[in-house]
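Engineer: I'd like to ask you about the structure that follows.
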Amino acid sequence: MNPHVPYSVLFGAVVWSAVLSGAAEPSEWGFVPSMKEGEIPPTHQVLPVRLEPRSNGVLKFEPRWERPCAEALKSNEIYKLTVRARAVGSGAVGSTALKVAVGSPNLIRGKIRPVFKCGPVLSSEWEVFTAFFSLSDTTSTNKLSLFLVHGWGDAVVEVQEVQLESVGADKPLNAYAWKGRWYAGQEPDAAWRAEAEAMIATNRMGTLIVQVIDGQGEPLSEARVVIQQQRHAYRFGAAVNSQLWRWIAPGAESDPQLRGAFELYRNESGRKELTFAQRQSEVRKYFEVLKSDFNYVVLENAMKWEAWSGNWDGFSKTHTFALIDWLHTNGFEVKGHAFVWPSWNHSPDWTEGMADRPEALNRSVHAHITDLGAAMNGKVVAFDVLNEAFNNHDFMDVMGNEAMAGWFEQARHVLPDAQLNVNDFLLMSNGGHWTEKLDFYDQLVERLLSEKAPLEGIGFQSHFRHSFLTGPERIWELCDRFGHHGLPLICSEFDVDLANEALQAAYTRDFLTAWFAHPDTQSFVQWGFWQNSHWLPHAGLYDRDWRMKPNAKAYRDLVRGAWWIDREEARTDDAGQMSLRGFLGDYRVTVYANGREVVLENIKLKKSGTALSIRL
């Protein structure tokens with residue numbers, strides 16, 4: 001088959017590209033519900049498919065409709081997926097999503113492992129959604145199926161037409177524009193945008209008043225005042241790969257272990273022409289970009305128990321301390337992550353040997369908190385004490401839930417000045433409708449506070465994989481829900497893993513805008529920024545060759561553009577005053593009058609306002 005000629009992918013024994021609703025002999029879909037072993041699947045369903053909502057708040061890929069591909073997809077081609085769907089029922093508009101996935105029919109731990117997923121947000125009218133994807137060279141393209149799954153919301157989902165076709169390999173993936181709405185509030189004229197702008201003006205700005213007087217205390221008019229922002233008060237951060245530091249640490253060139261790691265890296269990455277000096281150069285670029293784009297850092301892995309205890313190769317306490325010193329020298333605040341990830345899978349192997357000795361296990365956890373916390377006292381401004389407790393609860397199963405408050409108390413003992421946080425995932429993500437987990441997290445925070453644990457921040461990881469994107473107004477609803485605890489809300493691990501760079505950038509802009517606008521949020525941390533050092537294949541802000549992707553531009557256009565006072569100049573009035581509405585943070589104020597110049601650094605603009613009187 002000519003790869004340049006579009007063709008429809010075969011599903012079963014038919015070409016699945018026709019309008020199937022109302023056809024004399026519509027194609028069949030296999031209905032694959034959640035079944036117990038030995039049960040017989042029900043009869044096949046036909047289009048239009050009708051997906052009932054799940055009201056229990058449990059995220060499952062069931063019930064689902066699955067259709068196997070009769071023809072293997074190819075890794076060097078781009079595929080166009082078209083779906084015609086709607087939501088039926090009360091509250092349908094913008095509150096219901098359809099999950100469409102291409103993946104292996106074999107489940108792993110009850111989940112579809114997709115090579116592509118997308119999540120159109122439906123309205124009560126029939127709409128056509130179009131998405132494009134390609135398969136990586138490492139993807140197994142045999143025995144793939146296409147799945148339809150109810151995403152979230154209270155309405156019934158109806159799917160009338162589905163088409164999957166190859167469009168060849170002549171153009172890059174990002175040359176194809178997606179069609180449809182992929183998150184609520186995506187529209188350029190969505191009402192939430194004006195509301196967000198007003199919220200930002202109220203919550204993130206203050207008034208700076210500068211009065212200039214002469215030696216006798218009289219006001220000086222026409223004095224020239226220049227105001228330049230130096231730093232945001234808001235924490236805009238990134239997770240840093242501390243292992244990269246070793247490439248530029250003193251003595252790196254002569255380190256035999258690093259030389260061995262370099263050869264391994266070249267082979268595994270396929271960059272066999274890369275020289276050691278080039279590797280060092282790109283790592284130096286990494287830290288230069290870190291300085292230009294962020295003011296807050298969390299070490300991605302260096303403080304996890306396994307790394308800190310020396311069980312993971314490539315981690316060194318010496319390098320960790322040296323990196324933290326460099327971060328402090330360059331004006332960063334640092335957060336620690338994480339004291340307790342309460343699972344056997346995320347702790348040293350020997351901890352599982354204490355599964356029948358709760359007191360011994362708890363002593364070991366406390367000893368770890370003491371060791372790591374004492375080493376970081378004075379070096380971090382915050383620390384994630386408890387990580388992902390909903391999915392990882394081996395420790396609590398052994399010790400009881402009451403042990404958790406003790407971990408916070410021990411952390412407070414060794415870190416008297418650091419903000420102590422909880423952290424978890426899939427709360428803001430996937431539409432923000434996993435009610436079972438949301439309820440758990442709410443109750444966890446309430447429990448810790450009722451037990452007088454020194455909990456001071458609530459972390460939301462916010463990994464958005466594929467395109468199950470939560471609308472800005474739903475983000476606000478969740479912030480309101482957890483804001484009632486009176487603690488700052490932290491976006492602790494943000495990323496958007498989309499090959500569609502335009503949609504990725506748009507959602508990065510809109511999520512960040514909504515998050516920054518809400519009064520209860522304190523920080524926004526991206527879980528990596530360079531694609532060559534990122535845990536997800538498409539989520540970086542910069543690609544492997546340091547091209548600034550559209551999502552990086554969207555981020556910088558806000559943080560260093562719309563929300564930044566680069567330079568403002570004005571003259572004082574007859575009262576010797578000038579004023580400026582600016583974003584909260586540190587400013588440089590320079591005054592020129594009577595042939596003199598006065599420069600004030602790091603003037604803090606507060607929400608309540610800041611007033612300066614400068615005598616010349």
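The values are calculated or read from the model by the stated rules, or taken from the named source; none is laboratory data. What you see is a predicted model; the values in this text were computed from it and never measured. Counting neighbours? That spans all protein chains shown, and the Cβs are built from the backbone with ideal geometry, glycine included. Surface accessibility is based on the protein's heavy atoms, side chains included, excluding ligands, DNA and RNA. Shrake-Rupley method; radii C 1.70, N 1.55, O 1.52, S 1.80 Å.
Engineer: When the stretch 265-304 is examined, which residues are found to be over 30 Å from Asp371 (Cβ atoms) and under 19 Å from the mean Cα position of the chain (by Cα)? First the steps, then the outcome.
Structural biologist: Keep residues of the stretch 265-304 that are over 30 Å from Asp371 (Cβ atoms), which gives 265-282, 284-285, 288-289, 291-293.
Hits for the stretch 265-304 are Val289, Asp293.
Engineer: Which residue, of Ser579, Ser613, Ser608, is surrounded by fewer than 19 Cβ atoms within 10 Å (Cβ to Cβ), under 39 Å from the mean Cα position of the chain (by Cα) and under 15 Å from Gln211 (Cα atoms)?
Structural biologist: Values: Ser613 fails: under 39 Å from the mean Cα position of the chain (by Cα); Ser608 fails: under 15 Å from Gln211 (Cα atoms).
Just a single option satisfies the conditions, and that option is Ser579.
Engineer: Only one of Ser492, Ser523 is of a type in the set (Ser, Thr, Tyr), in contact with a strand residue (DSSP E or B) (Cβ under 6 Å, 6 or more places away or on another chain), in contact (Cβ under 8 Å) with a residue 24 or more places away in the chain and closer than 15 Å to Asp293 by Cα. Can you tell me which? Break it down stepwise before answering.
Structural biologist: On the way: Ser492 fails: closer than 15 Å to Asp293 by Cα.
Of the residues listed, the single one that is of a type in the set (Ser, Thr, Tyr), in contact with a strand residue (DSSP E or B) (Cβ under 6 Å, 6 or more places away or on another chain), in contact (Cβ under 8 Å) with a residue 24 or more places away in the chain and closer than 15 Å to Asp293 by Cα is Ser523.
Engineer: Still on this structure: If you go through the stretch 239-297 one residue at a time, how many are open to solvent by 60 Å² or more (accessible area, probe 1.4 Å) and of a type in the set (Lys, Arg)?
Structural biologist: Result for the stretch 239-297: 6.
Engineer: Let me ask something additional. Can you give me the number of residues within the stretch 437-476 that are part of a helix (DSSP H, G or I) and of a type in the set (S, T, N, Q)? Spell out the reasoning first.
Structural biologist: The first filter runs over the stretch 437-476 and keeps only residues part of a helix (DSSP H, G or I), leaving 437-450, 472-476.
Within this subset, residues satisfying the condition of being of a type in the set (S, T, N, Q) are 443, 450.
Number satisfying all stated conditions: 2.
Engineer: Restricting to the stretch 182-207, count the residues that are of a type outside the set (Asp, Glu) and open to solvent by 40 Å² or more (accessible area, probe 1.4 Å).
Structural biologist: Keep residues of the stretch 182-207 that are of a type outside the set (Asp, Glu), which gives 182-186, 188, 190-194, 196, 198-207.
Of the ones still in play, those that are also open to solvent by 40 Å² or more (accessible area, probe 1.4 Å) are 186, 188, 191, 193-194, 198, 202, 207.
The number of residues fulfilling the criteria is 8.
Engineer: Kindly establish whether Leu503 is more than 11 Å from the chain's Cα centre (by Cα) and in a helix (DSSP H, G or I).
Structural biologist: On the way: more than 11 Å from the chain's Cα centre (by Cα): yes; in a helix (DSSP H, G or I): yes.
Yes, satisfied.
Engineer: In the list Val212, Val149, Val159, which residue meets the criterion of being under 23 Å from Lys606 (Cα atoms), aliphatic (A, V, I, L, M) and in a strand (DSSP E or B)? Give the steps one after another, and end with the answer.
Structural biologist: On the way: Val149 fails: under 23 Å from Lys606 (Cα atoms); Val159 fails: under 23 Å from Lys606 (Cα atoms).
Unique residue meeting the criteria: Val212.
Engineer: What are the pairs, 6+ residues apart or on separate chains, where a residue within the stretch 362-380 that is open to solvent by 10 Å² or more (accessible area, probe 1.4 Å) has its Cβ under 6 Å from a residue that is part of a loop (DSSP other than H, G, I, E, B)?
Structural biologist: Asn377/Leu415; Val380/Ala418
Engineer: Continuing with this model, one more query. Take the conditions in contact (Cβ under 8 Å) with a residue 40 or more places away in the chain, assigned to a loop (DSSP other than H, G, I, E, B), under 16 Å from the mean Cα position of the chain (by Cα) and crowded, with 22+ Cβ neighbours inside 10 Å and apply them to Ala514. Does it pass? Before you say what the answer is, go through the steps one by one.
Structural biologist: Working: in contact (Cβ under 8 Å) with a residue 40 or more places away in the chain: yes; assigned to a loop (DSSP other than H, G, I, E, B): no; under 16 Å from the mean Cα position of the chain (by Cα): yes; crowded, with 22+ Cβ neighbours inside 10 Å: yes.
No.
Engineer: Among the residues of the stretch 355-400, which ones are outside any helix (DSSP H, G or I), closer than 30 Å to Arg235 by Cβ, in contact with a helix residue (DSSP H, G or I) (Cβ under 7 Å, 6 or more places away or on another chain) and not charged (D, E, K, R)? Step through it out loud before you land on a result.
Structural biologist: Looking only at the stretch 355-400, we keep the residues that are outside any helix (DSSP H, G or I), and these are 355-357, 377-393, 400.
Then drop every residue that is not closer than 30 Å to Arg235 by Cβ, which leaves 377-393.
Still in the list and also in contact with a helix residue (DSSP H, G or I) (Cβ under 7 Å, 6 or more places away or on another chain): 377, 379, 383, 385-386, 389-390, 392.
Within the stretch 355-400, Asn377, Phe383, Val385, Leu386, Ala389, Phe390, Asn392 qualify.
Engineer: For the list (1) touching a residue at least 40 places away in the same chain (Cβ under 8 Å); (2) surrounded by fewer than 21 Cβ atoms within 10 Å (Cβ to Cβ), I need the number of the one condition that Ser450 fails.
Structural biologist: Tallying (1) touching a residue at least 40 places away in the same chain (Cβ under 8 Å); (2) surrounded by fewer than 21 Cβ atoms within 10 Å (Cβ to Cβ), Ser450 fails exactly one: (1).
Engineer: Give me the pairs: first residue in the stretch 572-590 and assigned to a loop (DSSP other than H, G, I, E, B), second residue open to solvent by 70 Å² or more (accessible area, probe 1.4 Å) and of a type outside the set (Asp, Glu), beta-carbon distance under 8 Å, and six or more apart or on different chains, which are they?
Structural biologist: Filtered contacts from the stretch 572-590: Leu584/Lys606; Leu584/Lys607.
Engineer: Output the number of residues of the stretch 67-113 satisfying the condition of being out of contact with any Pro (no Cβ under 9 Å at 6 or more places or on another chain), open to solvent by 60 Å² or more (accessible area, probe 1.4 Å), modelled with pLDDT under 85 and at negative phi.
Structural biologist: Within the stretch 67-113, residues that are out of contact with any Pro (no Cβ under 9 Å at 6 or more places or on another chain), open to solvent by 60 Å² or more (accessible area, probe 1.4 Å), modelled with pLDDT under 85 and at negative phi number 8.
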